[in-house]
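Right, one structure below, let's go through it.
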Amino acid sequence: MDGRIDKGSPLAPVAVTGMGCMSGGGTDVNSLWQNLAQTVINCHPVPEYLFKTILDYPVFAAPANCFSESARLLVAETAPGFKQESVSRTVLLTCSAAAEALQQAGVSADYLRSVRVGIVLGTTVGCTFHNEEYYSAWRSGLEPDLGPVQFYLAGNVASAMHRILGTSGPSAVITNACASGTDAIGVARNWLASGQCDIAIAGGADELSRVAYNGFVSLMLGDKNPCRPFNADRKGLNLGEGAGVVVLERQDESATRQCRPLGWVRGYGSAADAWHPTAPHPEGRGLKAALRQALRDCGDVKLVPALINAHGTGTKANDRAETAALAAIFPKTAELVVVSTKGITGHTLGAAGGIEAIFTLMALRAGQTPGTVGCLEPDPELSLLPVIQTENRQLHGSWGISQSLAFGGGNSALILEAAP
């Protein structure tokens, strides 16, 4: 199940019928949007319920109990014997986001069990970096309990969601670094368009990990203050955690259920820089290819989007490469409305694409977007000017782009349309 389809055949419309989120930026979609609009920045030192560290780089952490009441009620129906301690925090984050999305879509547990459910989720580390004590003991010649290994082997988040929901259908976990969540939505859309499933649960999830945290610090990519995407004095990113999940359906199926779509996934593109293990190509070569592919996919290579939700990490290299690529694809830069939403969530790694696709649809549906939190004085060396924090911009049109740039040179873009 690689998500490929015959591009020579017309694509059936794929509707977004539900959205859900759990993150440091908000514990559901409405609070996420309100916190963005009100510039509520939940960026603090790493809480001890995640891990202990002597480093002073702040993060955007979800609540200690990230398993929402909606998730508890759903799982009580689908898997009565479920125990939270049996799965990773990444899975719990996913459950909360999925429960909200399914509730908004009006999808019951009985309906899920009656159809083919595709589950495709992006993640980078999942639960894979929490077994240090086991491996240290094993390397020392001891024979530690195999529990951590078994926990790791059961950590496939898509398979875990199928088990918890009692569903059947195709599943995949995409680990394309920070583009994972965007790719997951694109693949799920292609599954539906090619008839491989009847409904899809897609997006991304990642919990904060001490190893990943230390890794970004060692690469000198972190900021000791809240991040400032595109700002002249930006110094790097803050890590975050969370999950962003959408429910996708073919339009005819959602009509049968008398469910009104929130919007549609109209195009998807993915391409690689083949440039550097961590840095993007300076001219955004891979992103330009991904954007062109997405525009061809939606059938309008001349489309000027009403909104572009950029990857916008707050690192020097990312922001320059990303704006260079956008200026090359859309030369009339004065017409572009470009924002980054990482100033309210931090960089949630594999979850970023899912959360940011939700932000994009929320803004398109509202007909306006708050500015880039943390950006007050844009870097004059950027190829275009983003919307700054103090500005609220009206949107002219219902189509937008959500894009992700990843370590290893991965670049992905979704073209989304909001329903009227």
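Looking at residue 19, is it modelled with pLDDT under 95 and either aliphatic (A, V, I, L, M) or surrounded by 21 or more Cβ atoms within 10 Å (Cβ to Cβ) (or both)? For residue 19, the condition - modelled with pLDDT under 95 and either aliphatic (A, V, I, L, M) or surrounded by 21 or more Cβ atoms within 10 Å (Cβ to Cβ) (or both) - is not met.
Contact map, the stretch 273-301: first residue closer than 19 Å to residue 189 by Cβ and in contact (Cβ under 8 Å) with a residue 24 or more places away in the chain, second residue buried (at least 21 other Cβ atoms within 10 Å of the Cβ) and of a type in the set (Phe, Trp, Tyr), Cβ cut-off under 6 Å, separation 6 or more or different chains; pairs are 294/268; 297/268. Here residue 395 meets each of (1) under 29 Å from residue 206 (Cα atoms); (2) among the hydrophobic types (A, V, I, L, M, F, W, C); (3) in contact (Cβ under 8 Å) with a residue 60 or more places away in the chain with one exception, condition (1). Inspect all residues belonging to the stretch 238-251 and state whether any of them is surrounded by fewer than 23 Cβ atoms within 10 Å (Cβ to Cβ) and in the same structural domain as residue 169 (by TED's automatic domain parsing). Within the stretch 238-251, one or more residues are surrounded by fewer than 23 Cβ atoms within 10 Å (Cβ to Cβ) and in the same structural domain as residue 169 (by TED's automatic domain parsing). Filtering the stretch 190-227 to residues that are touching a residue at least 12 places away in the same chain (Cβ under 8 Å) and part of a helix (DSSP H, G or I) leaves 190, 191, 192, 193, 210, 211, 212, 213, 214, 216, 217.
Restricting to the stretch 115-156, and then to whatever is assigned to a helix (DSSP H, G or I) and among the aromatic types (Phe, Trp, Tyr), can you tell me which residue is farthest from residue 172 (Cα to Cα)?
Selected residue: 138.
Checking the stated criteria, residue 50 turns out to be of a type in the set (A, V, I, L, M, F, W, C) and crowded, with 18+ Cβ neighbours inside 10 Å.
Taking the numbered list (1) among the small types (Gly, Ala, Ser); (2) under 22 Å from the mean Cα position of the chain (by Cα); (3) not assigned by TED's automatic domain parsing to the domain that holds residue 410 in turn, residue 289 passes all entries but (3). Annotation: of all residues in the stretch 38-91 being under 30 Å from residue 102 (Cβ atoms) and among the acidic types (Asp, Glu), the one that is modelled with the lowest pLDDT is 85.
The values are calculated or read from the model by the stated rules, or taken from the named source; none is laboratory data. This one's a predicted model, so the numbers in the text were calculated from it and none came from an experiment. Backbone-built Cβ (ideal geometry, glycine too); neighbour counts: all protein chains shown.
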